[in-house]
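Peer 1: Encoded as structure tokens, here's the structure I'll be asking about.
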Amino acid sequence: MMMFGDPDFFEIKTLKQMGLWPTEKMVSRELAPYIRRMNKPVSILEVGHKKGENAIDLMENCNVGLYQGVKQVKEYEPVLQKNTKDGVSPAFVVTDEPIGPEFDVIIFDCDTNLELFLEQYYPYLRKGGIICGNGHDTMRVKAAITTFRRKNKISVPINVATGTVWFWYKP
């Protein structure tokens, strides 16, 4: 099958047919084992989502009770709509602001404004929950995480998988 265009804007269905999805560098691939260990339906908030890839992957592989996306990257909105048009799950919602009082997992799929988003959304993470994201291989992400953790006196270890995906448990 010959495809033209930027694969970043292809639907998941097309990427699967081409053998390009899921990728091992997705946050969901690294987090799934930790989420499954929670042994309950989890609530997940994703900040800066694009095409719904993490949501779809986690809903296919984990026990997800609620998956909410906020801060949609506008240029990917048409692809997200195509990826979710067949009713991925009634648990998947996209809104402007968080609807849950607390989440078990918060995923940051962004590097721009990360420090601001950490400040804004960390209070929504319940104690013992997982906060995570990608881009740990960039100075901007490392700096934002370090500044946030120092400012908030967070001393629990930060875990880094595959060199890019980072996470820690909220004390």
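The values are calculated or read from the model by the stated rules, or taken from the named source; none is laboratory data. Every value quoted in this text rests on a predicted model; they were computed, and no experiment measured them. Don't worry about glycine lacking a Cβ; one is built from the backbone with ideal geometry, like all the others, and counts go over all protein chains shown. What goes into the accessible areas is simple: the full protein's heavy atoms, side chains included, and nothing from ligands, DNA or RNA. Shrake-Rupley method; radii C 1.70, N 1.55, O 1.52, S 1.80 Å.
Peer 1: Please pick out the residue among Asn113, Asn152 that is at pLDDT 95 or above, open to solvent by 60 Å² or more (accessible area, probe 1.4 Å) and of a type outside the set (D, E, K, R).
Peer 2: Result: Asn152 is the single residue among Asn113, Asn152 that is at pLDDT 95 or above, open to solvent by 60 Å² or more (accessible area, probe 1.4 Å) and of a type outside the set (D, E, K, R).
Each row is one residue, and each column tells you yes or no for (1) assigned to a loop (DSSP other than H, G, I, E, B); (2) out of contact with any Asp or Glu (no Cβ under 6 Å at 6 or more places or on another chain); (3) open to solvent by less than 20 Å² (accessible area, probe 1.4 Å); (4) under 19 Å from Ile44 (Cα atoms).
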| site | (1), (2), (3), (4) |
| --- | --- |
| Leu118 | no, yes, yes, yes |
| Pro123 | no, yes, no, yes |
| Asp137 | yes, yes, no, no |
| Lys142 | no, yes, no, no |
| Val160 | no, yes, no, no |
| Trp168 | no, yes, yes, yes |
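Peer 1: Condition check: part of a strand (DSSP E or B) and either modelled with pLDDT under 90 or of a type in the set (Val, Ile, Thr) (or both). Does Leu66 satisfy that?
Peer 2: Considered against the rule, which asks whether it is part of a strand (DSSP E or B) and either modelled with pLDDT under 90 or of a type in the set (Val, Ile, Thr) (or both), Leu66 comes out as yes.
Peer 1: Does Gly133 fit the bill of being modelled with pLDDT of 95 or more, of a type outside the set (Val, Ile, Thr) and open to solvent by less than 10 Å² (accessible area, probe 1.4 Å)? Show your work before the answer.
Peer 2: On the way: modelled with pLDDT of 95 or more: no; of a type outside the set (Val, Ile, Thr): yes; open to solvent by less than 10 Å² (accessible area, probe 1.4 Å): yes.
No; evaluated as a whole, the condition is false for this residue.
Peer 1: A follow-up question, please. Going through the stretch 49-69 one residue at a time, which ones are touching a residue at least 12 places away in the same chain (Cβ under 8 Å) and surrounded by fewer than 20 Cβ atoms within 10 Å (Cβ to Cβ)?
Peer 2: Met59, Asn61, Asn63, Gly65, Leu66
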